[in-house]
Amino acid sequence: MAFGDPIILGNTRLGPPVFLAPMAGITDLPFRRAVARYGAGLMVSEMVASTEMVTPRPSTRAAVRAKALTEGALPVSVQIAGREAGAMAETARIVEGMGARIIDINMGCPAKKVTGGLSGAALMRDLDHALTLIDAVVGAVSVPVTLKMRLGWDDDCLNAPDLARRASDAGVRMLTVHGRTRAQFYKGGADWSRIRAVANLQGRPPLVANGDVVDAASARAALAASGADAVMVGRGAQGAPWRLAGIAHDLVGSPAPVVPQGAALADAVAEHYEDILDFYGIDLGLRVARKHLGWYADANGAPLRDRMLRADSPAETLALIRQAFADAQEAA
């Protein structure tokens, strides 16, 4: 396929080729709503552990239900992770029943608590076992299944092309490769050129390049180096949920987002903040919101950052949001 051609997964036509990466503790429903207000070709939920889903804990199931359901016109993929084929298949069936239109398998998370349980990127050390999980998930659901991976475990195990080929043969409909090994975690720069070995595979499904894509310039560089069909933005969207739509506009001419400033920026931050409180409740929501407020402040040069993060009531925080984002810009 040529860059810019629409990517269609089953009955779901993806939007512009700039996708929101799954990020643990970040790409929850409130953050995806914030991104959706501006637009994205695809949004991927934060990772769902299969061991939690097959354990009958209503609170976990309720949270995942909110993550799984698609809101509005933008497609959402639900990412699942695990080590056991049976649990992965059952989790896939559960989230499909909750409304997931696409299911993504995580074989790229480098976190020690994930790889220590032989999930995430650890699966790239045992491709035969990794394929049992892929086969189980693909066979369990009718929605498209995609796969996210890294270049490999380390520089001595750069097996992304082998995993990509075998996953494609098993029915995976789209591949995402982060341009680092697990050994790198998030250190150093993403090596998009190493993704090209996957792009060169005959008959491969659509390919997404991930890692260090933060603006239109880095997106173009990632596409040129990797030969991928789309890019995935992670940390570049923190504090700037309009970033994906802006990159897509520069790449393919999709509608440009109206980037909020002054009072409009304060309104956007406040809306996201209140959505977090509604979703998590006041006590947990106050804690979850702090990182987002910090990112908004950092990305927009807003004052009063520390005061916003220390505020212990919604009313105080909302007043500081107005003062930091609206009053400061309008005074400038």
Checklist entry - How large is ³J(HN,Hα) for each residue in segment 170-185, as worked out from phi by the Karplus curve 6.51 cos²θ - 1.76 cosθ + 1.60 (θ = phi - 60°), to whole Hz, x for Gly and Pro? => result 7, x, 5, 9, 7, 10, 10, 10, 7, x, 9, 7, 5, 4, 6, 6
Checklist outcome for this item: the chain: Kirkwood hydrodynamic radius (Cα pairs, Å) comes out at 20.2
Item to check | Surface per residue (accessible, 1.4 Å probe) for the chain, Å² | outcome: 40
Item to check | Set of segment 176-214 residues, backbone N closer than 18 Å to the point 7 Å along the Cα-Cβ line of D156 | outcome: 181-185
Checklist entry - What number comes out for the charge environment of V18, summing +1 per Lys or Arg and -1 per Asp or Glu over other residues with Cβ under 12 Å away? => result -1
Checklist entry - Rounded to the nearest whole Å³, what is the per residue volume of the convex hull around the Cα atoms of segment 191-265? => result 85
Item to check | At R0 = 51 Å, FRET efficiency that the Cβ-Cβ distance of A221 and A315 yields, to 0.05 | outcome: 0.70
Checklist entry - Which whole number in µm²/s is D for segment 228-269 by Stokes-Einstein, with the Kirkwood Rh taken over Cα pairs at 37 °C and 0.692 mPa s? => result 290
Item to check | Sequence-separation-based contact order of segment 196-332, relative, with Cα cut under 8 Å and 6+ spacing, percent | outcome: 20
Next on the checklist: For a quick size check, give me the Cα extents of segment 213-332 along its three principal axes, largest first, whole Å.
Outcome noted: 48, 33, 22
Next on the checklist: Accessible area of segment 135-247 with a 1.4 Å probe: how many percent of it is carbon plus sulfur?
Outcome noted: 47
Next on the checklist: Whole percent per 10 Å bin, from 0 to the bin with the longest distance: what is P(r) over all C-alpha pairs of segment 64-181?
Outcome noted: 15, 48, 31, 6, 0
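The values are calculated or read from the model by the stated rules, or taken from the named source; none is laboratory data. This structure is a prediction, so every number in the text was calculated from the model and none was measured. Neighbour counts run over all protein chains shown; Cβ positions are idealised from the backbone, glycine included. For accessibility, only protein heavy atoms count, side chains too; no ligands or nucleic acids. Shrake-Rupley method; radii C 1.70, N 1.55, O 1.52, S 1.80 Å.
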